[in-house]
1. Would you please give the FRET efficiency between ILE181 and THR78, computed as 1/(1 + (r/R0)^6) with r the Cβ-Cβ distance and R0 = 45 Å, to the nearest 0.05?
2. Select from ALA83, ALA112, ALA158 the residue whose mean-square fluctuation is largest in a Gaussian network model of the chain (Cα-Cα springs shorter than 10 Å).
3. Give me the extension gain from ALA17 to ALA160: residue separation times 0.36 nm, minus the current Cα-Cα distance, reported in nm with one decimal.
4. Under a 1.4 angstrom probe, counting protein chains only, how are VAL117, VAL80 ranked by accessible area, largest first?
5. Leaving ligands, DNA and RNA out of it, report the carbon-plus-sulfur percent of the accessible area of the range 1-144 at a 1.4 Å probe.
6. Over the chain, with a Gaussian network built from C-alpha contacts below 10 Å, which listed residue (TRP156, TRP116, TRP15) shows the highest mean-square fluctuation?
7. Kindly give the semi-axes, whole Å and largest first, of the ellipsoid equivalent to the range 58-183, taking each as the square root of 5 times a Cα gyration tensor eigenvalue.
8. Quick one: among SER71, SER90, SER82, which has the greatest mean-square fluctuation in a GNM of the chain with alpha-carbon springs under 10 angstrom?
Amino acid sequence: NVFFQAPSGQMGNDWWAPTAGWINQSLPGSSNVNGTPTAFVISPSLMNVYYKTSSGQMANDRWALTGGWISQTLPGPTNVNSAPTAIANSFSLMNVFFQTPGGQMGNHWWAASAGWVSQTLPGSSNVAGGPTAIVNSPSLMNVFFQTPSGQMGNDWWAPAGGWISQTLPGSSNVASAPTAIVN
């Protein structure tokens, strides 16, 4: 599956199956996509695509084998300033990160026990663009971003300490949005 903003403002989807080849579709209900989406798969029967809407909110198109595509706007204020990045910590915990208009790290997270929760991560206004996130384990995650001074910022969460914000050591040499992997 490949997801993108179509010229119509809908979520475009090109997908491939061995029996059908490549198929192109616009997802239902998502007529206000504004920028680059992010996606992940939780299982062969559950996919999620997150994107900034034209009104500055976070939205989600999700596909389940039993229900097809469903589109929703996530609760929370109109505060998405960058393309999002999203991770699945486990089948019952998902996180979406983005830059807020004030330059902080925004986070929408979902847990089966709580539903969607919106928060701004602690730390100063130090996010200069779209973040990238990784899951080290179900209980440890990292979000990396470029700071306004050109350094690499890192917000990380662990059960014992909660959210911690730091600037990684080194000179001011980050000139783009980062990407990250777990070895």
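1. The pair ILE181/THR78 has a calculated efficiency of 0.90.
2. Largest GNM mean-square fluctuation: ALA112.
3. 47.1 nm
4. Ranked from most to least accessible, the order is VAL117, VAL80.
5. Using a 1.4 Å probe with all protein chains present, the range 1-144 comes out at 55 percent carbon and sulfur.
6. Per the Cα network of the chain with a 10 Å cutoff, TRP15 tops the list.
7. Square roots of five times the eigenvalues give 25, 16, 14 Å.
8. In the Gaussian network model the winner is SER90.
The values are calculated or read from the model by the stated rules, or taken from the named source; none is laboratory data. What you see is a predicted model; the values in this text were computed from it and never measured. Neighbour counts run over all protein chains shown; Cβ positions are idealised from the backbone, glycine included. To get the accessible areas, we keep the full protein, side chains included, count just its heavy atoms, and leave off ligands, DNA and RNA. Shrake-Rupley method; radii C 1.70, N 1.55, O 1.52, S 1.80 Å.
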